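Below: one structure, written as structure tokens.
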Amino acid sequence: MMKVQYENLLYTAIKYLFGLGVTFFALFPIYWMLTMALKPFAEWSPTEVHWWPWDPTTLNFLVLFFRKDTLVEWGLVKPAEPLIHDTATKAILNSLLFSTFGTAVALLVGTFAAYAMSRYRAGGDYMFLTFRMLPPIAILMPVVIWFSTLRLMDSPIGMILLYSLFPVPFVIWLMRSFFDDLPREIDEAALMDGCSPAMTFVRVILPLVRGGFAVTALFIFILNWSDLIVALTITQRISVTIPVQIGLFESDAGHMYGIMAALGTVAVIPTLVFGLAIQKYLVRGLTFGAIKG
């Protein structure tokens, strides 16, 4: 009896230690980014590791929104201090604009296509996923030639167009699974009650899959928000996004690690707010159809 209790206690201890280890491994990069964002220039590359800021500062965040000459006028920095001269405001606004509009258009197009495929077998089966099976660079090279001809390189319209088209296969794939989990009798009952096919879709079907719609929206937004390959290939100066801007933080003193970490911290906020806003739909959306009989 004592041996069984000892084995159970040992198993529980190992399980919790393993859970703590996984949690530490997952959260340590976030902790390091937050602490790096609060470190002054002297602690970015010290001779010994600083596990926390010895002299915390918010200057790294101020640099993202205010030009260096403005901070010099305010007396917050010295003219000779190695800081970037341009702010990251444009990159933050660009990321918000491109990701939001791209996600909205992709959801609109993909949801209609998914419903048509689920109910009317339009467009075949899952052949649309072949568009995402090629390496991104293989798709981007023709896009660069096309955009150069149409003068859409480094333009907001071009970025919104790409962020709208590339996620559509994922939207169709995810939303179709949610539509397939709904019995067709719901559509037939709505049609018999006098609803048109469009009214059935908008007033009856969409409210039933709002959990899946919210999960899909979050997934596509994160996909667009964290994109680097497309933005790095298409943009130059005008339409740079946050991932591209982080790589541009350099000066004569080398990489501006504190400012890069500060911008990374700011980049986490929109996805975190979005996830918290639709939190009540997440569990339902992720488990939709799991107990289907």
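The values are calculated or read from the model by the stated rules, or taken from the named source; none is laboratory data. All values reported here derive from a predicted model rather than from experimental measurement. With ideal geometry, Cβ positions are generated from the backbone for all residues, glycine too; neighbour counts draw on all protein chains shown.
Within the stretch 209-227, restricting attention to residues that are at pLDDT 90 or above and part of a loop (DSSP other than H, G, I, E, B), the residue that is surrounded by the most Cβ atoms within 10 Å (Cβ to Cβ) is D227. Within the stretch 233-250, if we keep just the residues that are over 17 Å from I160 (Cβ atoms) and either in a helix (DSSP H, G or I) or among the acidic types (D, E) (or both), the residue that is modelled with the lowest pLDDT turns out to be E250.
One line per residue, one yes/no per condition, for (1) at pLDDT 85 or above; (2) under 22 Å from L272 (Cβ atoms); (3) exposed (fewer than 15 other Cβ atoms within 10 Å of the Cβ); (4) not assigned by TED's automatic domain parsing to the domain that holds I242:
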{"site": "I14", "(1), (2), (3), (4)": "yes, no, yes, yes"}
{"site": "G19", "(1), (2), (3), (4)": "yes, no, yes, yes"}
{"site": "P29", "(1), (2), (3), (4)": "yes, yes, yes, yes"}
{"site": "F61", "(1), (2), (3), (4)": "yes, yes, no, yes"}
{"site": "I84", "(1), (2), (3), (4)": "no, no, no, yes"}
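Give the residue that is nearest to L206 (Cα to Cα), with candidates limited to residues of the stretch 231-243 that are of a type outside the set (S, T, N, Q) and surrounded by fewer than 21 Cβ atoms within 10 Å (Cβ to Cβ). So, considering only residues that are of a type outside the set (S, T, N, Q) and surrounded by fewer than 21 Cβ atoms within 10 Å (Cβ to Cβ), the one nearest to L206 (Cα to Cα) is P243. So is L182 at pLDDT 85 or above, over 20 Å from A214 (Cα atoms), assigned by TED's automatic domain parsing to the domain that holds S239 and not in a helix (DSSP H, G or I) or not? So L182 fails the test.
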